[in-house]
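The values are calculated or read from the model by the stated rules, or taken from the named source; none is laboratory data. Everything quoted here is computed from the prediction, not taken from an experiment. A quick note on method: Cβ atoms are made from the backbone with ideal geometry, for glycine too, and the neighbour counts reach across all protein chains shown. Just the protein is used for accessible areas: all its heavy atoms, side chains included, with ligands, DNA and RNA removed. Shrake-Rupley method; radii C 1.70, N 1.55, O 1.52, S 1.80 Å.
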Amino acid sequence: MAPKRNEQETEGLGKKGFVDIEEILEGNHTGREVKVRGWIHRTRDIGNMVFLNVRDPSGVVQATIAKDGFKEEKFEKIKDLLVESSLKVKGEVAEDERAPGGYEIRASDAEIVHASEDFPIHKDQSIEHLLDNRHLWIRSTEMRDILNVRSTVFGAIHDYFRCEGYKEFQSPILTPLACEGGATLFPVDYFDEDVYLTQSWQLYAEAGIFGLGDIYTIAPSFRAEKSRTPRHLTEYWHAEVEGLWHDLDDIIELGEGLVLNIAEEVLKKNEEELERLDADVEYLRSLDEPFPIITYDEAIYRLQDENMDVKYGDDFGVPEEKKLTSLFDKPVFVTHYPKEIKAFYMKRAEEDESKVLGYDLMVPHVGELIGGSVRETKVESMIKRLEDEGEDPSIYEWFLDTRRYGSVPHAGYGLGIERVIMWLCDLDHIRDAIPFPRTPNRCRP
Ligand code: 4AD
Ligand code: MG
């Protein structure tokens, strides 16, 4: 068996004597000779001296290359390097308040790994240009900060569900079923069958709980969204959970718990990134349980009180969600929507059959973060709901079996991961919450 890696004794795979720039900026190497490697972020020369801002995945530090410390030919080559050239630099770390970050490396040696061609991204370029060059733009500080937060969010979701005892379960990406209505299905050319990219893991999860119990997933979902809004992607990452014997209170608690856990982890690991992104750290820090819970009816009254033009039965759009979330200082659960504006699988409320036992969790700036519900358990009601939706129940035969053989109460929800990132980082557009966004007018690079 391979020996277990011990961080005390090893310096990390692939490090080979090089330090992370972050460690220099934390003051851990001052006065010592170090080796760093990365890319040129910025370069400036004053004749006999070149100032290189060197970037690695952990930060940016200034390296000074003095002409008299290098062979003439090498000095000239370093001087001519363009932004994004990759290199290794060796030298002593010194504190210097003029340097960005307060430290610099006084280079005694440098090795050019690759002299970059002229990098196609310069200052102040159009959004379209940056999207065309997304594979290069993800090197930017802004994207790196967001993607760091994103990585924490994914880890926090896994940790939360696993700690709470939920097991990871996978559903197929190719499916003949519409979980969230036929309007946003992406058809796939699948031999002679009508098959689509999945909109949700849920229907398969409802079969999965009979064996595994409480389960969750993180997976891509696809929506052929016609709505070109700043919060819709056609391919997004979806954290979904399905709990056996769970009721509305359980999934409210589980939704609140997940969101608070994500925020807490991001504050713990990425406060610097949040500050640089100009996110509202104070607001995130102020969050705690319980989140307010209001019914759909109450939401309508509150909105009408605020002179919004809504009436009973309307679904909420961006203006309504914006207004509603502005009335609370925490995320807000809206429950008991009219059945007409929610999916076929949601259970009706016993006290009022016109309402469903479901909720949307709404947050400022983004709107709906989570959609969840208790599930209808009776096979006849499920068939009737499908027919009412204009769906062909025969395609759902296998799913209906979950209501034929030991049907049990259960509930679950789905959280849009890019929407969480958008909320945490205060992003104007959801496309920046994902490395390579897919929107109605863009499916490249
Ligand atoms: O409300 P939705 O459509 O619910 C479902 O898919 C359920 N089957 C989930 C479940 O109960 N297992 O989607 C859930 C969440 C939304 O609240 C939103 O955050 C996100 O997914 N979402 C999108 N995110 C980005 N782009 C889109 N086009 C999205 N559509 C939904
Ligand atoms: Mg929804």
Length-normalised contact order for the chain - Cα pairs under 8 Å, 6+ apart - percent: 13 percent
GNM result for the chain, Cα springs below 10 Å: residue of Leu81, Leu284, Leu274 fluctuating most strongly: Leu81
Selected from Gly211, Gly414, Gly182 as most flexible by GNM, with the chain as the system and alpha-carbon contacts under 10 Å: Gly211
Percent carbon-and-sulfur accessible area, region 347-445, ignoring ligands, DNA and RNA, probe 1.4 Å: 49 percent
Cα gyration tensor category, rounded, prolate or oblate, for the chain with a/c compared to 1.5: prolate
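Expressed in nm to one decimal, what extension gain is obtained for the pair Ile293 and Arg98 from 0.36 nm per residue of sequence separation less their Cα-Cα distance?
Details: separation 195, 0.36 × 195 = 70.20 nm, distance 5.19 nm.
Additional length available on full extension: 65.0 nm.
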Efficiency of FRET from Cβ geometry, Glu26 and Glu73, R₀ 35 Å, rounded to 0.05: 0.50
Whole-number accessible area per residue in Å² for the chain, which is evaluated in the context of all protein chains at 1.4 Å: 50 Å²
Heavy atoms of Ile293 accessible to a 1.4 Å probe, total area in Å² rounded to 10: 90 Å²
Cα gyration tensor shape for region 1-134, rounded if a/c is under 1.5, else prolate or oblate: oblate
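Taking trypsin sites (Lys or Arg not before Pro) as exposed when DSSP calls them loop (any state but H, G, I, E, B) and at most 14 other Cβ atoms lie within 10 Å, what is the longest stretch of the chain free of them, the sites themselves excluded?
Details: sites that count: Lys4, Arg5, Lys15, Lys16, Arg32, Lys71, Arg98, Lys123, Lys226, Arg228, Lys311, Lys378, Arg404.
For trypsin sites (Lys or Arg not before Pro) (loop position, at most 14 other Cβ atoms within 10 Å), the longest site-free span of the chain is 124-225.
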GNM top mover of Glu376, Glu264, Glu282 - the chain, alpha-carbon springs below 10 Å: Glu282
Whether region 40-85 is rounded, prolate or oblate, judged on the alpha carbon gyration tensor where a/c under 1.5 counts as rounded: prolate
Probe 1.4 Å - accessible area at His158, Å² to nearest ten: 50 Å²
